[in-house]
Amino acid sequence: MKEEKIKVLALLPMELPKEIDLDNTLEAMQKFVGGLIECITLSDTGSEVTLVCNDEGKLLGLPLNRPLWDGADVLAGPGFLAGCDNEGNLTSLPQSTMDFYKEKFRAFIIEI
């Protein structure tokens with residue numbers, strides 16, 4: 001069953017990661033990232049984690065946020081991490097996973 005609100009880890013340029021509640025709607029997600037969304041699966045923790053970001057972040061010249069995949073790519077603009085169920089719906093990020101990514105992305109703020 002789809003949750004109305006989900007607890008996600010917000011990744012904003014030049015800010016520390018923070019837990020927020022977000023309406024679990026396409027409109028709320030698009031508003032958060034500032035445009036069309038792209039969902040990217042991360043597997044650092046062995047569980048399904050989805051990075052939701054602006055599909056055109058780099059093309060639009062959005063501020064660089066954090067390196068991804070050990071520097072192989074970079075997140076441009078705002079994004080957030082959410083869980084994912086077996087039906088492909090976004091879910092709240094489990095607290096242990098939230099804590100893992102808070103620490104992982106704490107040290108990766110890009111300074112320009």
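The values are calculated or read from the model by the stated rules, or taken from the named source; none is laboratory data. None of these values were measured; they are calculated from a predicted model. Cβ sites come from the backbone with ideal geometry, for glycine too, and all protein chains shown count toward neighbours. For the accessible areas, the whole protein counts, side chains as well, though only heavy atoms, and no ligand, DNA or RNA atoms are used. Shrake-Rupley method; radii C 1.70, N 1.55, O 1.52, S 1.80 Å.
For the reader, a short list of remarks on this structure follows.
- Computed from the alpha carbon positions, the gyration tensor of the chain leads to an equivalent ellipsoid with semi-axes of 20, 16, 12 Å, biggest first.
- Using just its DSSP H runs of length 4 or more, each adding -39500 (n - 2.57), the chain gives a mean residue ellipticity at 222 nm of -5000 deg cm²/dmol after division by all residues.
- Rounded percent of accessible protein surface that carbon and sulfur make up, region 3-103, 1.4 Å probe: 52 percent
- Residues of the chain: accessible area per residue with a 1.4 Å probe, Å²: 57 Å²
- Per-residue SASA remark: Arg106, around 100 Å² accessible (1.4 Å probe; ligands, DNA and RNA not included).
- Accessible-area value, Ser43, 1.4 Å probe, nucleic acids and ligands omitted, Å²: 90 Å²
- Charged side chains reduced to their Cβ positions (Lys and Arg at +1, Asp and Glu at -1) give the chain a dipole of some 260 debye around its Cα centre.
- Probe 1.4 Å, all protein chains present, accessible-area order of Cys53, Cys84, largest first: Cys84, Cys53
- The accessible area of Phe32, taken with all protein chains in place and a 1.4 Å probe, comes to roughly 50 Å².
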